[in-house]
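**Q** I'd like to ask you about the structure that follows.
Computed from the coordinates by the stated procedures, all read-outs in this text should not be read as laboratory data. What you see is a predicted model, and the numbers here were worked out from it, not measured in a lab. Glycine also receives a Cβ, built like all others from the backbone with ideal geometry; neighbour counts cover every protein chain displayed.
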């Protein structure tokens, strides 16, 4: 058993955050002076091979972050909701995979959510100063007061994670429970996991623990068991243990070799201004559409069709406008 | 559980069959992942569906629901044929050597003494041969043709791997692979643990399913050892407590039982509860029955229970039928024979089979009282919810009273977990609105009833008027008071029977354990197995010391485990005949030459010599039973019987439908689909999902988000055949009713070949209804048959027949 993180102390200064502004190493659309000392890097390790898909992490995430997700529909699969939303920061994705070598069925269950990249594409793509920050312990966090809701973070994310809220028009994703980690606790999902499929500690501890798990998996015939810590994004602060680390994409489309889109790297050039102009135009066009045509309404028939369209397909494309649709079901069928 | 949750981490092999631990017991399942990660333990899952447990298993095999006995007897047959038996254990610690009476036979699926008209057996020959010394005759050489071992060998010989495949649909090579994995655990240094739940109990032969695995575990030497055992995963929090304190209609607390109407006086009652040892030197612990019974009666009736009135024996109700189980109650209700029904924390309109029959029964009541922290379908049975609950309120005269109660998080008290641990808990919040503790409600009803009896008399007011009720606040006994009452105390100074100058117990003091209980009226104990849980040293259930010397998984200082804080039952069987551990690396207790010592509380008298006294001290034989004598209604050995509704005839006994002694009420025969009928060609089963707890959590927003809407699961093959789309609507109907649900089309269910015929499985999760936060759905029990297990009447929810077609959604 990985040693559980002790409960928080009730001593008065225990609640004092252990990291904050002074530990920011990157800030979107801004220059920062790097802190003199870097904090020990933290990481969450998700052991897909120990996960039973109970969704306790998903429930704990909603509860700790005080999020209210809409009660949706069944779409012929175990996932619910069908995709990440501004309220669902983490989602269990289920894949029925027939192993061509053994001909055995494997039910691959992966907890999806922000990977907290060492080289965060969202932060690099973000045009709003200070909307996305990275702390020296590796946590990538969104600062909603600075977010302009442009959705570039989604384009920049190689894992298609952030979602824009229709309520406050800012982007949301997993914070790695930066509020809990700041006071010496692990993320809520880790705390709730009954089988220690999610563990939390320093990045080195997580790598060592992953080695221990991978040895066990290899002894059970999973020759390709391994750690998912993709170097294309400089490594991540959320890592997976996979039975088939040679083919990450079988786990509900986990990118085999995630990298930041070259367009994002070009961002700092002229495209920045062009982009801003396009954005402004799009916003104006959207407003005009609202004024002329009124808000979009979903009929029961549309909904039925939408359900049919989404069934059994991979998660919707990284289009922020579409991904919000999932939270907007209201009527009964 | 014979063992405990924490002990599962000590195992080498976990078999999950008749349950789905990862899905339904995710928190306890952590001990499986611990065993896998730290001991290299393997996990086998045998289930009709590739379920969440299977997703982390080392080996999975499919089985058709309702055929577990064929599989288990097949395993026993394979182990015997391949010499995968822990011989020393089997010979010494089971009744393999016992000789069975002449005249006992088994043929064509039936044992000696069957009476078809009564659907019952005359079980007289299902017994041991008794020698002139009054003890059972044994043959240590196992050569006698009527010794249990040879009868067992004969009995299981039909269940060959080929037969298992024919009946269960489990491919022969998969069955053999599992048999080999299990066979390795016949070694004294390898153990297997069995984790099961409602997947075995909810059948018309549920008790025999469990016996089948218990027998296998006995011949492998896996009972009483670390990492072994028969581990029932209890579903409801505190359902273990329910059986412990005797809330079944024929039980009394501590697994004592209620008299029948033939047992009109205490001597007749006690005459069949003497439990004389069947072998020399055996403890046969139930010999103490009278002590526990008298102490219980003193606890109930105090000074009104005297030696002169046979400890108020006449106050006890006497059963005129084997039990007033829930199926019988609803059948009586339907006949208009019940006036008032109390549902305390119970939602039978969802939780019992054949919803139409249940609703008809409830409609004939005069008064229905529902005590629950949540809105339930039962309380709303009279409301019209369109297709989800058709009702005509105007035609229903039943008065319904809802009494809001507190939920577990607002109560103080103990919950008993699957491992028999009584764990005290404290309230985490205050009751909302008008909600009251159940104890307050019951006390208020009792005090008012008592006042009525005092005023008006009645035919026999004594049991009510004399009920002992000595609480500080009679209107609401405190949890501590009730716990102390169950633990028991001395009523007068109790003297040492050997040396009467010594006081063993002081009047008014709590007893330290059931060993000091007396049958002379000097002690009281509400539930003898709980004695020791609340002593003069304090509330043992509230202990929270998780130290575990040498990491055995025993945790003796955490809470309290009945009996006597023992964590692994029958733990004397963890040692050989000389009292040395079979597996020194997994020592539990051992004989040090003069007494038993070790990590756990020994399940044997501390000075009982290892060669003399058998480990199964609750049995008169001192051994485990491969042959159950006359204690099971449907046979001393398990037999494969098809479910009452089956797609195929019983291969080994084609004339027998269902379990030949299961009780079926006359009207219900007409509501069973015929074997192999084309009208209902698909084998259906019901089950639970991780995201929900029964019918409670659909009231909770987060759970409703995680699994919002009712669905059924079918294979891709069946979906193609019936034109049902993934995520589309399907209509599923049985002879009793129909539901509409979304279709989850999956590779995790595959068609099976049963005796040459293709059989499709339809999986039906149970969690939706017409109240709550989740989307409205149909109770799954609309479909299920009204028949229970032959011994304990648990309904056959796991195997029945349906038909299915593509459909459009319900019009609400």
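**Q** When the Cα atoms of the range B:357-468 are enclosed in a convex hull and the volume is divided per residue, what value in Å³ results?
**A** With only Cα atoms used, the range B:357-468 gives 204 Å³ per residue.
**Q** Can you give the Kirkwood hydrodynamic radius of the range A:155-195 from its Cα pairs, in Å with one decimal?
**A** Final number for the Kirkwood radius of the range A:155-195 is 12.2 Å.
**Q** Run through all the Cα pairs of the range A:1-136 and give the fraction in each 10 Å bin from 0, expressed as whole percent.
**A** Result returned by the calculation: 9, 26, 32, 24, 8, 1.
**Q** Simple spin-label model, 7 Å along Cα-to-Cβ: residue A:211 to residue B:184 in nm?
**A** In this crude spin-label approximation the distance works out to 2.7 nm.
**Q** Taking the Cα centre of each part, how many Å lie between the range B:776-801 and the range B:334-380?
**A** After rounding, the separation between the Cα centres reads 16 Å.
**Q** Among B:694, B:760, rank each residue by its count of other Cβ atoms within 10 Å, from fewest to most, as a rough exposure measure.
**A** B:694, B:760
**Q** Moving to a separate point now. Arrange the peptides B:391-397, B:763-769, B:569-575 so that the one whose residues have, on average, the most other Cβ atoms within 10 Å appears first.
**A** For the peptides B:391-397, B:763-769, B:569-575, the packing ranking is B:569-575, B:763-769, B:391-397.
**Q** In addition: Using R₀ = 51 Å, calculate the FRET efficiency as 1/(1 + (r/R₀)^6) where r is the Cβ-Cβ separation of residue B:725 and residue A:39; round to 0.05.
**A** After rounding, the FRET efficiency stands at 0.50.
**Q** What number does the range B:252-357 give for Rg over Rh if you use C-alpha atoms and the Kirkwood radius?
**A** That ratio equals 1.08.
**Q** Please report the projected area of the range B:546-615's Cα convex hull averaged over all directions, in nm².
**A** 4.4 nm²
**Q** Work out, step by step, the length gained on full extension between residue B:101 and residue B:383: first 0.36 nm times the residue separation, then minus their alpha carbon distance; give nm to one decimal.
**A** So the chain would gain 95.7 nm between residue B:101 and residue B:383.
**Q** If each of residue A:263 and residue B:265 carries a label point 7 Å out from its Cα toward its Cβ, how far apart are those two points in nm?
**A** The modelled label-to-label distance comes out at 9.6 nm.
**Q** Where does the Debye-calculated log10 I(q)/I(0) of the range B:463-594 sit at q = 0.11, 0.14 Å⁻¹, using only Cα point scatterers of equal weight, no solvent?
**A** Values returned for q = 0.11, 0.14 Å⁻¹ are -0.55, -0.81.
**Q** Now, a different point. Determine the relative contact order of the range A:141-248: mean sequence separation of Cα pairs under 8 Å and six or more apart, normalised by residue count, in whole percent.
**A** 14 percent
**Q** Using r as the Cβ-Cβ distance of residue B:39 and residue A:246, and R0 as 22 Å, what FRET efficiency do you calculate, to the nearest 0.05?
**A** Calculated transfer efficiency: 0.20.
**Q** What's the average, rounded to a whole number, of partner chain beta-carbon atoms within 10 Å of each residue's beta-carbon in B:703-713?
**A** So the per-residue partner count for this stretch is 6.
**Q** Evaluate peptide A:77-83: per residue, the Cβ atoms of other protein chains within 10 Å of its Cβ; return the mean as an integer.
**A** Counting Cβ atoms of other protein chains within 10 Å of each residue's Cβ and averaging gives 4.
**Q** What are the extents of the Cα atoms of the range B:494-555 along their three principal axes, listed from largest to smallest and rounded to whole Å?
**A** 43, 24, 17
**Q** Still on this structure: Just need the relative contact order of the range B:648-800 here, percent rounded to a whole number, with Cα pairs under 8 Å and 6+ apart.
**A** The normalised contact order for the range B:648-800 reaches 31 percent.
**Q** Over the range A:105-166, one equal point on each Cα, no solvent: what is log10 I(q)/I(0) by the Debye formula at q = 0.13 Å⁻¹?
**A** -0.36
**Q** Is it possible to state the helix-based mean residue ellipticity at 222 nm for the protein assembly as shown, with each DSSP H run of 4+ residues giving -39500 (n - 2.57), the sum divided by total residues, to the nearest 500 deg cm²/dmol? What is it?
**A** For the protein assembly as shown, the value works out to -6500 deg cm²/dmol.
**Q** If you bin the C-alpha pair distances of the range B:606-716 every 5 Å from 0, what whole percents do you get?
**A** Taking all Cα pairs of the range B:606-716, the binned fractions are 2, 8, 11, 11, 10, 10, 12, 12, 10, 8, 4, 3, 0 percent.
**Q** Output the Kirkwood hydrodynamic radius of the range B:685-812, Cα pairs only, in Å rounded to one decimal.
**A** 15.3 Å
**Q** Another question, then. In µm²/s, what is D for the range B:437-480 at 25 °C and 0.890 mPa s, where D = kT/(6 pi eta Rh) by Stokes-Einstein and Rh is the Kirkwood radius from Cα pairs?
**A** 222 µm²/s
**Q** I need the calculated FRET efficiency for the pair residue B:506 and residue B:452, taking r as the beta carbon distance and R₀ as 45 Å, to the nearest 0.05.
**A** So, using R0 = 45 Å, E works out to roughly 0.70.
**Q** Name the residues of the range B:270-310 whose amide N is less than 12 Å from a point 7 angstrom out from the Cα of residue B:318 along the C-beta direction?
**A** Inside the label zone: nothing.
**Q** Note down the Stokes-Einstein diffusion coefficient of the protein assembly as shown in µm²/s, whole number, using a Kirkwood radius over alpha carbon pairs, 4 °C, and 1.567 mPa s.
**A** Answer from the Stokes-Einstein relation: 40 µm²/s.
**Q** Which order do the peptides B:160-170, A:61-71, B:15-25 take when ranked by the mean count of other beta-carbon atoms within 10 Å per residue, highest first?
**A** B:15-25, B:160-170, A:61-71
**Q** What whole number of Å gives the distance from the Cα centroid of the range A:85-151 to the Cα centroid of the range B:386-447?
**A** Here the answer is 42 Å between Cα centres.
**Q** Once Rh is set to the Kirkwood radius over Cα pairs, what Stokes-Einstein translational diffusion coefficient, in µm²/s, holds for the range A:118-255 at a temperature of 20 °C and a viscosity of 1.002 mPa s?
**A** After rounding, the answer is 130 µm²/s.
**Q** Averaging sequence separations of C-alpha pairs under 8 Å and six or more residues apart, then dividing by the length of chain B, give the relative contact order as a whole percent.
**A** 16 percent
**Q** Then there's this: P(r) tail for the range B:165-220, what percent of Cα pairs lie past 18 Å?
**A** Counting every Cα pair in the range B:165-220, those more than 18 Å apart make up 47 percent.
**Q** Can you give the average number of partner chain beta-carbon atoms within 10 Å of each beta-carbon in peptide B:27-39, as a whole number?
**A** For peptide B:27-39, the averaged partner shielding equals 4.
**Q** What whole-number volume per residue, in cubic angstrom, does the convex hull of the C-alpha atoms of the range B:70-211 give?
**A** 145 Å³
**Q** Continuing with this model, one more query. So if each residue of separation counts as 0.36 nm, and I subtract the Cα-Cα distance between residue B:308 and residue B:398, what length gain in nm does that give?
**A** So the chain would gain 28.0 nm between residue B:308 and residue B:398.
**Q** Using the basic label-point model (7 angstrom from Cα toward the beta carbon), what is the residue B:124 to residue B:580 distance in nanometres?
**A** If labels sit at residue B:124 and residue B:580, their model points lie 4.9 nm apart.
**Q** From the convex hull of the Cα coordinates of chain B, what is the mean projected area in square nanometres?
**A** Across all orientations, chain B yields a mean hull projection of 34.2 nm².
**Q** Order by neighbour count: B:251, A:178, fewest other Cβ atoms within 10 Å first, most last.
**A** Final ranking by Cβ density, sparse to dense: B:251, A:178.
**Q** Here's a follow-up. How would B:342, B:770, B:93 line up from fewest to most surrounding beta-carbon atoms within 10 angstrom?
**A** Least crowded to most crowded, the residues run B:342, B:770, B:93.
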